[in-house]
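Undergrad: The structure is given below, and queries will be raised subsequently.
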Amino acid sequence: GHHRMVHLIEFWDYLVQFLVCTAGFIGAARQFLKSRRQPYVLLACFFWTYALGTLYWTLHLLLLDATPQVFYVSELGWIASYIFLLTMEMTLPSAEELRFRTKLSWLAPAIAVPQFILYITYGDVFFNVLMCTGTMAAAWLSIRGLVFARRCGDSAAETETCRLRAFHINVLCFTALEYALWTSSCFWVSDDLRNPYFWFDFMLSGAIFAMLPATRKAVRT
């Protein structure tokens, strides 16, 4: 009975995340049909690939009553979602922001590299390289964008800069929660809601869904 209860909590966690991703995908697709703006295609792909990764995990849990021991299918979906997110981070900003540099961006590898060393002691090296590189690059770009956005003012160009602030904050929250989730999975506390893993995952679902309003703000004309 306890074993079934354990997987029930995990199942609801992943199901919520899948539904959030699906709702985000529908929302992004509707925005694209209305505006025909390319970032919404990338956002829809981000939601869909993340949803596929979570769906595989959820179905594995539901049908086999166990979490996947080999999660290449899920990880491929999640890695694809990071690539779409990175593409947005590299195409949404202005040319001036893309040229901008800040030493604070080094915070991303300073935090990610020690975490990566921890993860490879627990899991697959190849997929950890891909997942940590993708999320670290996204965090690097979002930190750069946030430092750049500090120069917000009243001119049209500066207002354009400010529009991306919510998007960069959201990406930074998303990547931070991914690392919190991965780290808590290395130190599994319990199989119930006392485990921080589930709370980080619920917060991650919120950060995923917040990509839609943050992107709308970034691309509005």
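The values are calculated or read from the model by the stated rules, or taken from the named source; none is laboratory data. All figures in this text were calculated on a predicted structure; none of them were measured in a lab. Cβ sites come from the backbone with ideal geometry, for glycine too, and all protein chains shown count toward neighbours. Quick note on the areas: whole protein, heavy atoms, side chains included, nothing else; ligands and nucleic acids left out. Shrake-Rupley method; radii C 1.70, N 1.55, O 1.52, S 1.80 Å.
Undergrad: Using a 1.4 angstrom probe on the protein heavy atoms only, could you order 197, 72, 56 from most to least accessible area?
TA: Values: 197 20, 72 100, 56 70 Å².
Output order, biggest surface exposure first: 72, 56, 197.
Undergrad: When averaged across all projection directions, what area in nm² does the alpha-carbon convex hull of the chain cover? Before the final figure, lay out the partial values.
TA: Numbers: hull surface 49.7 nm².
The directionally averaged projection comes out at 12.4 nm².
Undergrad: With charges only on Cβ, +1 for K and R and -1 for D and E, what is the dipole size of the chain about its Cα centre, in debye, rounded to 20?
TA: On the way: 17 positive and 15 negative charges, 209 e Å.
That gives the chain a dipole magnitude of about 1000 debye.
Undergrad: Next question. If I take every Cα pair under 8 Å that is 6 or more residues apart in the chain, average their sequence separation and divide by the length, what percent do I get for the relative contact order? Don't skip to the answer; put the middle values down first.
TA: On the way: 266 pairs, mean separation 51.7, N = 221.
In percent, rounded to a whole number, it is 23.
Undergrad: Counting only the heavy atoms of the protein chains, how much of residue 34 is accessible to a 1.4 Å probe, in Å² to the nearest 10?
TA: 150
Undergrad: Can you pull the accessible area of residue 19 for me, 1.4 Å probe, Å² to the nearest 10?
TA: Counting only protein heavy atoms, residue 19 exposes about 100 Å² to solvent.
Undergrad: Give, as a single signed number, the net charge of other residues whose beta carbon lies under 10 Å from the beta carbon of residue 43, with Lys and Arg counted +1 and Asp and Glu -1. Let's see the in-between values first.
TA: On the way: positive: 37, 216; negative: none.
Here the count lands on +2.
Undergrad: If you don't mind, there's one more thing I want to ask. What are the membrane-span-like helices in the chain by this rule: whole DSSP H runs, Cα extent along the axis at least 27 Å, mean Kyte-Doolittle hydropathy at least 0.0?
TA: Helix filter hits for the chain: 2-35, 38-64, 72-91, 125-149, 165-186.
Undergrad: Hey, another quick one. Taking square-rooted eigenvalues a ≥ b ≥ c of the alpha carbon gyration tensor, is segment 72-139 rounded, prolate or oblate, where a/c under 1.5 means rounded and, failing that, a/b exceeding b/c means prolate?
TA: Values: a/c = 4.67, a/b = 1.48, b/c = 3.16.
Oblate is the answer for segment 72-139, as a/c is 1.5 or above yet b/c matches or exceeds a/b.
Undergrad: A further question on this structure: Can you check what the net charge comes to around residue 186, using other residues whose Cβ is under 14 Å from the Cβ of residue 186 (Lys, Arg +1; Asp, Glu -1)?
TA: Values: positive: none; negative: 124, 178.
The answer is -2.
Undergrad: If you take the square roots of the eigenvalues of the alpha-carbon gyration tensor of segment 22-111 and sort them as a ≥ b ≥ c, do you get rounded (a/c under 1.5), prolate (a/b over b/c) or oblate?
TA: On the way: a/c = 3.92, a/b = 1.41, b/c = 2.79.
It comes out oblate by the Cα gyration axes.
Undergrad: Separate question: For a protection proxy built on the mean count of beta-carbon atoms within 10 angstrom, sort 90-101, 126-137, 74-85 highest first, please. Before the final figure, lay out each step's value.
TA: Details: 90-101: 13.9, 126-137: 18.7, 74-85: 20.7.
Top of the packing list down: 74-85, 126-137, 90-101.
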